[in-house]
Amino acid sequence: MPPRRFSNWPSWWRTSSGKNNQSPARWCPFETRSIIDLATAGPIKIMEIRKGIGVSPGIVISTAVVLDAEDLLIPRRTIPAAEVSSETRRLQKAISASVADLATLRDSITTKHGKQIGGIFDFHLSLLKDRALLKALSHQISETCVTAEYAVSTVMRRYAANFHQMSDRYFSERVKDIHDIERRVLRALIGRKIEDLLHLDRDVVIIARDRRPSQTASLDRTHVKGFATDVGGRTSHTAILARAMGIPAVVGLGNLAAEVSGGDTIIIDGNRGVVIIDPDENQLAEHREFERQLVRLGEDLAGLRDLPAQTRDGHLISVQANIEFSEEIPDATNRGAQGIGLYRTEFLHLASDQEPTEEDHYKAYAEAARLLQGKPLVIRTLDLGADKYTRAGMANPERNPFLGDRSIRMCLHDIPMFKRQLRAIMRASILGDVRIMFPMISTAIELRQAKMILNDVMEELEDEGIAYRKEIPIGIMIEVPSAALMANTLAKEVNFFSIGTNDLTQYTLAVDRTNERVAGLYCPAHPAVLQLIRDVIRAGKRNQIGVSVCGEMAGEPLYTLLLLGLDLKVFSMNGPDIPEVKKIIRSTTMEHARQVARRVMSFDSERQVMHFLREETRKIIPEAF
Ligand code: PEP
Ligand code: MG
């Protein structure tokens, strides 16, 4: 994966200003007569530039596949010309079925709640029954020889975009209705064929309103080359997964999914958080060149792979990787990871419909230990809940899931599930340098309960004559302010700490890490967060236990000097981030890093911190930022 920053930005970006760097209009204006005329007017597409939050670096130019909330995936599929009439008949049938469904729904709602409420379906029905719509859809099928699904997806999205542009509130609010109609017809068309559509046969970028981590985890990695979503923040788990997978991603793009049609050409620039729809020739040429430059820079950094992460004055640092699946280990070690500092095991749950058995857990951990050949493997126990929700969680949502029954709390409420995992970890513990880590600890009692259950598991294994590592190192994540403030006490009961700066930042600053509306407030450089990190590292040192950082901050070159200067000895990050961080470590001295940290800790705003760190890091890697 190419590095995330580069000073040589394309000229269009350098000369533009403002957050929403958009071209004036995407669709040319058109004359209006009636709803149907408005909707069917064929817009002339022009390029549009959208600014969001870049969460995974790199540039990709590819074809869009738009996913809706139900994950109806409608790739461009062509049909032989001879099948055009049967495809059109299929479409007519689906529209008739949708009309019949809607009429029944309207009648039953009218009976129950009165005419006014039932009348909300009149718009749907009038649009679906209009001959102009059928004509536009049939035309799309016959002219471009595409499937009925693809025609519905593109034509309806064009309608939605046209309605969205209208200044009249009544019309602009009809956009949701159009999406409803689109889904209804697609469901009627697809029936049981959804499975077929999930199979990709060419490279695409995914455009969606939102992605659950489990949906991202199950993406076809060979063909999905990037993604862009309407919602999300930098440390949402979906964003973390994109980085781990090494594909460019931009989130927080507003209503992009409603405006893009499957088949549109899209540029996703994960470095600058920009998405360009229907780029012109100049944009394409500039981005292709930019893409080549990033690849060259990435190749330069790859040369650091076999060199130690050692400062110029000889201090050795351990650079480790975060993973979600054991399959990521070869790539991580190839990039120079000296171990796995965070194995997010909850993805075993999220990537499957079934709850994993003890054997499923064991197989995954045994494989990870085998691949690591004696290098450390920190297995974090299940951190489900919040944005990593299970099917049960979806069926019974919490009002405030980030503050709810998540992570270690959930495990302590479901001891059989917790024990299944602990047994598997302990069984795998003899296969390598396996360590165990409890997430989201917020009280000493919670830690003691978790350790008691682990002891029970050890006794059970003992009774069954199953071997395990008796002195397995036990650690906790420090990601809740209460744990950070009690670090000195907690340090006496564990072998190591790992600071989860993603959650520590959200809980310290009261900013939801997944909410793009407050993304501007989410900043690990906030002095309050930095003080907690400093104090946790100090508590670890005082009590002679290891401390690492495994939140996204550890993989951000901007923070490398600071964390080094605060005396952090273990950095755990997404594999693709390792070369850049290593380059900074190898380019500085501990003395310089300590000076940087002292200065940073004297600032009272995150802005000062970031400005200073940017300047200092630029002195080491001029092309950074
Ligand atoms: C963190 O919170 O920093 C962390 C590493 O855990 P996760 O991102 O999985 O919540
Ligand atoms: Mg966390």
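Numbers below:
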item: Some residue of region 409-417 being of a type in the set (Lys, Arg), surrounded by 22 or more Cβ atoms within 10 Å (Cβ to Cβ) and within 16 Å of ligand 2 (Cβ to nearest atom); result: no
item: Residue within region 522-541 that is closer than 22 Å to GLY252 by Cα and assigned to a helix (DSSP H, G or I) present; result: no
item: Set GLU355, GLU328: member being farther than 26 Å from PHE227 by Cβ, away from ligand 2 (no atom under 16 Å from the Cβ), modelled with pLDDT under 90 and within 26 Å of the chain's Cα centre (by Cα); result: GLU355
item: Of all residues in region 485-500 being over 29 Å from the mean Cα position of the chain (by Cα) and not aliphatic (A, V, I, L, M), the one that is nearest to ligand 1 (Cβ to nearest atom); result: ASN495
item: ILE277 vs. criteria modelled with pLDDT of 85 or more and aliphatic (A, V, I, L, M); result: yes
item: Matching residues, region 530-560, being of a type in the set (Val, Ile, Thr), within 26 Å of the chain's Cα centre (by Cα) and more than 16 Å from ligand 1 (Cβ to nearest atom); result: THR560
item: The lone exception for ASP210 - which of (1) more than 17 Å from the chain's Cα centre (by Cα); (2) surrounded by 15 or more Cβ atoms within 10 Å (Cβ to Cβ) it fails; result: (1)
item: Selected residue [loosely packed, with under 15 Cβ neighbours inside 10 Å and over 21 Å from GLU359 (Cα atoms)] from LEU403, LEU447; result: LEU403
item: Answer residue from region 492-508, given it is farther than 21 Å from ASN400 by Cβ, in a helix (DSSP H, G or I) and open to solvent by 10 Å² or more (accessible area, probe 1.4 Å) and is nearest to ligand 2 (Cβ to nearest atom) among those; result: GLU493
item: Neighbours by Cβ (under 8 Å, 6+ apart or cross-chain): first from region 586-610, hydroxyl-bearing (Ser, Thr, Tyr); second part of a loop (DSSP other than H, G, I, E, B); result: SER587/ARG312; SER587/ILE621; THR588/THR311; THR588/ARG312; THR589/THR311; THR589/ARG312; THR589/ASP313
item: Positions within region 518-541 being closer than 18 Å to SER236 by Cα, more than 14 Å from ligand 2 (Cβ to nearest atom) and open to solvent by 10 Å² or more (accessible area, probe 1.4 Å), in sequence order; result: VAL518, ALA519, GLY520, LEU521, CYS523
item: Some residue of region 501-519 being at pLDDT below 95, touching a strand residue (DSSP E or B) at 6+ places or on another chain (Cβ under 7 Å), farther than 22 Å from ALA364 by Cα and within 16 Å of ligand 1 (Cβ to nearest atom); result: yes
item: Qualifying residue in region 426-440 (condition: within 16 Å of ligand 1 (Cβ to nearest atom), part of a loop (DSSP other than H, G, I, E, B) and either at pLDDT below 95 or within 26 Å of VAL549 (Cα to Cα) (or both)); result: yes
item: Scan of region 542-571 for residues that are of a type in the set (D, E, K, R), away from ligand 2 (no atom under 16 Å from the Cβ) and in contact with a Ser or Thr (Cβ under 8 Å, 6 or more places away or on another chain), ordered by number; result: LYS569
item: Region 374-398, residues that are at pLDDT 95 or above, of a type in the set (A, V, I, L, M) and more than 16 Å from ligand 2 (Cβ to nearest atom); result: LEU377
item: Close pairs from region 548-562: first among the hydroxyl-bearing types (Ser, Thr, Tyr), partner assigned to a helix (DSSP H, G or I), Cβ under 8 Å, at least 6 apart; result: SER548/ALA554; TYR559/MET553; TYR559/LEU613; THR560/VAL581; THR560/ILE584; THR560/ILE585; THR560/THR617
item: Test set (1) within 16 Å of ligand 2 (Cβ to nearest atom); (2) surrounded by fewer than 21 Cβ atoms within 10 Å (Cβ to Cβ) - LEU371 fails condition number; result: (1)
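For every residue, the table says whether it meets (1) open to solvent by 10 Å² or more (accessible area, probe 1.4 Å); (2) closer than 21 Å to SER442 by Cβ; (3) within 22 Å of the chain's Cα centre (by Cα).
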site: ALA510; (1), (2), (3): yes, yes, yes
site: GLU516; (1), (2), (3): yes, no, yes
site: ASP567; (1), (2), (3): yes, no, no
site: PHE571; (1), (2), (3): no, no, yes
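The values are calculated or read from the model by the stated rules, or taken from the named source; none is laboratory data. From a predicted model like this one, the values you see are computed outputs, not experimental measurements. So basically every Cβ, Gly included, is an ideal-geometry build from the backbone, and we count neighbours across all protein chains shown. Accessible surface is based on the protein model in full, side chains and every heavy atom, while ligands, DNA and RNA are left aside. Shrake-Rupley method; radii C 1.70, N 1.55, O 1.52, S 1.80 Å.
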